[in-house]
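Participant: I have a structure here, written as structure tokens, and I will follow up with some questions on it.
The values are calculated or read from the model by the stated rules, or taken from the named source; none is laboratory data. Since the structure is predicted, the reported quantities are computational estimates derived from the model, not experimental observations. Counting neighbours? That spans all protein chains shown, and the Cβs are built from the backbone with ideal geometry, glycine included.
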């Protein structure tokens with residue numbers, strides 16, 4: 001690994017890395033994650049995305065593909081494997097995925113607020129004092145080219161007055177305009193979540 005180049009996010013030039021990257025990866029802060037891109041490594045923010053998988057996976061994939069911040073990787077096959085193992089396995093998976101993330105971002109669609117596992121993720125993030133925020137994604141087109149109605153406040157499940165302070169971003173316009181707003185602001189929004197005091 002000697003001689004590879006390390007590039008901080010947002011910089012085009014890097015420094016030669018003389019140390020073992022494997023050792024350095026174990027010492028990074030929770031909000032830092034390494035990206036491998038050819039011979040360069042980039043440092044970025046890692047977040048946990050909470051969303052309604054069946055309804056919004058297509059929209060969420062658009063956001064993950066922006067490459068602005070890193071989120072957990074999940075596909076239908078791995079999710080179904082976890083689900084078959086029962087509720088305890090799902091809770092453990094969520095807790096482990098969330099543990100080293102710097103923020104929890106609820107990607108809010110029409111039905112997201114009513115989903116039991118989304119509610120668990122929100123309550124868990126609140127309990128362990130992870131910064132929380134929501135972004136409406138109902139205005140992004142789905143795989144058939146449709147948009148949806150705005151969903152309810154996903155943080156009402158917390159039942160705490162303080163939860164009203166959690167940012168809930170509601171980009172508007174056409175699907176393309178919403179996509180652009182999210183891409184332009186996602187990294188900044190991810191650093192502005194609110195956590196329980």
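Participant: Quick check, is residue 139 assigned by TED's automatic domain parsing to the domain that holds residue 177 and closer than 20 Å to residue 177 by Cα?
Facilitator: Judged against the criteria, residue 139 is a match.
Participant: A further question on this structure: What about residue 173, is it part of a loop (DSSP other than H, G, I, E, B), touching a strand residue (DSSP E or B) at 6+ places or on another chain (Cβ under 6 Å) and modelled with pLDDT of 95 or more?
Facilitator: Answer is no for this residue.
Participant: Can you list residue pairs whose Cβ atoms sit under 6 Å apart, with the first residue in segment 155-170 being assigned to a helix (DSSP H, G or I) and the second being modelled with pLDDT under 95 and surrounded by 15 or more Cβ atoms within 10 Å (Cβ to Cβ)? Count only pairs 6 or more apart in sequence or on different chains.
Facilitator: Every condition considered, the pairs that remain are 155/163.
Participant: Determine whether residue 60 is outside any helix (DSSP H, G or I) and either at pLDDT 50 or above or not assigned by TED's automatic domain parsing to the domain that holds residue 184 (or both).
Facilitator: no
Participant: Can you find a residue in segment 171-188 that is within 14 Å of residue 52 (Cα to Cα) and either in contact with a helix residue (DSSP H, G or I) (Cβ under 6 Å, 6 or more places away or on another chain) or surrounded by 14 or more Cβ atoms within 10 Å (Cβ to Cβ) (or both)?
Facilitator: No, segment 171-188 contains no residue that is within 14 Å of residue 52 (Cα to Cα) and either in contact with a helix residue (DSSP H, G or I) (Cβ under 6 Å, 6 or more places away or on another chain) or surrounded by 14 or more Cβ atoms within 10 Å (Cβ to Cβ) (or both).
Participant: Let me ask something additional. Check segment 104-126 and report whether any residue there is modelled with pLDDT under 95 and either touching a strand residue (DSSP E or B) at 6+ places or on another chain (Cβ under 6 Å) or more than 28 Å from residue 87 (Cβ to Cβ) (or both).
Facilitator: Checking segment 104-126: not a single residue is modelled with pLDDT under 95 and either touching a strand residue (DSSP E or B) at 6+ places or on another chain (Cβ under 6 Å) or more than 28 Å from residue 87 (Cβ to Cβ) (or both).
Participant: Please specify each residue of segment 63-85 satisfying the condition of being assigned to a loop (DSSP other than H, G, I, E, B), in contact with a strand residue (DSSP E or B) (Cβ under 9 Å, 6 or more places away or on another chain) and at pLDDT 80 or above.
Facilitator: Selection gives 67, 68, 69, 71.
Participant: Here is a further query. Tell me whether segment 129-141 contains one or more residues that are in a helix (DSSP H, G or I), closer than 12 Å to residue 52 by Cα and in contact (Cβ under 8 Å) with a residue 60 or more places away in the chain.
Facilitator: No.
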